[in-house]
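The structure under discussion appears below in the form of structure tokens.
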């Protein structure tokens, strides 16, 4: 699928709607959180799809490649993404 230029930049993963895809732009935090997310394959430049999230700041489930990962709300909020919008007419 082709994508149009991004409409929103650097928003937290927690703000994505279920089923929405994005590209990881930045991870806010120290070496510990960056290394932890890196070990899960969550690195800048990687495409992710948000699967679901729970109400009241519960876990956020996302797909990275072919793997589904659940993260706590606080950790998910430190992942900044660019939303990918389908190209017009696609």
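Looking only at region 20-33, how many residues end up being touching a residue at least 12 places away in the same chain (Cβ under 8 Å) and farther than 14 Å from residue 81 by Cα?
2
Can you name the residue in region 34-53 that is in contact (Cβ under 8 Å) with a residue 12 or more places away in the chain and over 15 Å from residue 69 (Cα atoms) and is also surrounded by the fewest Cβ atoms within 10 Å (Cβ to Cβ) among such residues?
45
Exactly one condition in (1) surrounded by 12 or more Cβ atoms within 10 Å (Cβ to Cβ); (2) part of a helix (DSSP H, G or I); (3) free of Cβ contacts under 8 Å to residues at least 24 places away in the same chain is false for residue 63; which is it?
Every condition holds for residue 63 apart from (2).
No value in this document is a laboratory result; all are computed from the given coordinates. Bear in mind that the values here come from a model prediction, so they are computed numbers and not experimental data. So basically every Cβ, Gly included, is an ideal-geometry build from the backbone, and we count neighbours across all protein chains shown.
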